[in-house]
1. Of all the residues that make up region A:92-120, how many are in contact with an Asp or Glu (Cβ under 7 Å, 6 or more places away or on another chain) and in a strand (DSSP E or B)?
2. Give the residues of region B:127-147 that are among the charged types (D, E, K, R) and either more than 14 Å from chain A (Cβ to nearest Cβ) or outside any helix (DSSP H, G or I) (or both), sorted by residue number.
3. Which one of these does A:Ile125 not meet: (1) part of a strand (DSSP E or B); (2) within 20 Å of A:Lys61 (Cα to Cα)?
4. Do you know which residues across region B:154-189 are of a type in the set (Gly, Ala, Ser) and within 27 Å of the chain's Cα centre (by Cα)?
5. I need the helices (runs of 4 or more DSSP H) fully contained in region B:1-110, keeping only those with at least 1 residues that are at pLDDT 90 or above.
6. Among the residues of region B:105-121, is any out of contact with any helix residue (DSSP H, G or I) (no Cβ under 8 Å at 6 or more places or on another chain), more than 14 Å from chain A (Cβ to nearest Cβ) and more than 29 Å from A:Ile156 (Cα to Cα)?
7. In this structure, does B:Ile34 turn out to be more than 14 Å from the chain's Cα centre (by Cα), of a type in the set (Val, Ile, Thr) and within 11 Å of chain A (Cβ to nearest Cβ)?
8. Within region A:77-89, count every residue that is part of a helix (DSSP H, G or I), over 19 Å from the mean Cα position of the chain (by Cα) and facing chain B (nearest Cβ under 7 Å).
Amino acid sequence: MNRLLLILLISVSFAQKIDISSSEIKYYGNHFLHSWIGISSEVKSTVIYDGLKKNGSVSIKVPLSSFDSKVSSRDSNMLFYTDAIDYPNVKFKSTEISMINDSVRIVGNLSFHGITKSVSTTASINTSNGFKVQGSFIIKLSDYNVPRPTFMFIKIDDQIRIEYTFQTN
Amino acid sequence: MKYVTYIFIFICFAKSQSDLDIQNIEQMPLHTKILWGENGFFRQINFGPKTRKDELKLRVKMLQNHQKLALLSLGMLAYQSSLGYKMYEGDYSKLSSHRKFSTITWSFYMTSASLSYFAPPAQKYEKRVSSMKVHRWLSYIHFAGMMAIPFLGKNISNSNDYDKALRLHKNVATITVTSMSLSALLTILPY
């Protein structure tokens, strides 16, 4: 009995790695003629949560080649403009996590196209069916020195909205 | 230890390169396979950029110019059609303009088509049907039309059956313009 209590105490006291069963990252691109969504489910993530301190850390890595926008030539173009041969992955590592009621504020460094910039996002937490974290943030392609593709003489929008969903069962 | 480090760096490099291999290469269009496939013509004669990165750079440049020239060609083709219809209705005052302008239109179109057909392979291909795939299928129709139109045009004056030859030229031109217009419209669809 004492042994069981000790194990329970250790598991609550120390930070735990949360196994993510499914994750999805979407990017929303926009041009004056049309909008599109690129989706990747090949997200490698590590989530560590400390129940006592109510904080943790998140690190995410997603290969650019895994994004599917339903038009392969557009995906090819994206891989070219983002220099995916030299910078094949987008990475995120949190620096600060704070709980606010049913949501979590995450601040971290986003590395994309060889440039690392700080981003912050507030994610909602839904525990009704497993554990689901959902949120979004906006980045600017110009902040990451990514040239904007041109279509019909007009460039695509500089702002790209990123949406993420992580779920555990 | 030094060699272990080198081997490790090599493996990491090889891994990062293979991660960006062309996806669904088996779906590559036949014309691209013939030119840029593993044993493609350009590979055999050692023609083209040395690295995949430069190939992609060239591809994007070629396709952007293809886009501009194709729009211009479509505009010219529409103008040619209007001249052709006037002649079909009996106004032959535009015959020399129609003849002269046909060479320029044809040259612009063929340059545009070459930029697309000869472009190095994309980074990704897919099995499912998308707007860009239909765009390519339609290109086979208007390319065949553009190849035939000059001969059919010349054939009108040489033919024994003038009306039949004229109708054939007109119909092929109509199909060509329609398929090219649809092809252009498809590029603005999101999927």
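1. Residues flagged as in contact with an Asp or Glu (Cβ under 7 Å, 6 or more places away or on another chain) and in a strand (DSSP E or B) within region A:92-120 amount to 2.
2. Hits for region B:127-147 are B:Lys127, B:Arg128.
3. Result: A:Ile125 passes all but (2).
4. So the first thing to find is which residues in region B:154-189 are of a type in the set (Gly, Ala, Ser), and the list is B:157, B:159, B:165, B:173, B:179, B:181, B:183-184.
The answer is B:Ala173, B:Ser179, B:Ser181, B:Ser183, B:Ala184.
5. On the way: elements: B:2-19, B:30-36, B:41-44, B:52-88.
Counting at least 1 such residues, we get B:30-36, B:41-44, B:52-88.
6. To start, the set of residues in region B:105-121 that are out of contact with any helix residue (DSSP H, G or I) (no Cβ under 8 Å at 6 or more places or on another chain) comprises B:107, B:114.
With the extra rule that they be more than 14 Å from chain A (Cβ to nearest Cβ), the set shrinks to B:107, B:114.
Adding the requirement that they be more than 29 Å from A:Ile156 (Cα to Cα) leaves B:107.
Within region B:105-121, one or more residues are out of contact with any helix residue (DSSP H, G or I) (no Cβ under 8 Å at 6 or more places or on another chain), more than 14 Å from chain A (Cβ to nearest Cβ) and more than 29 Å from A:Ile156 (Cα to Cα).
7. Judged against the criteria, B:Ile34 is not a match.
8. 2
The values are calculated or read from the model by the stated rules, or taken from the named source; none is laboratory data. In this text the structure is predicted, and so the values were computed from the model without any measurement. Reconstructed Cβ throughout: ideal geometry from the backbone, glycine too, with neighbour counts over all protein chains shown.
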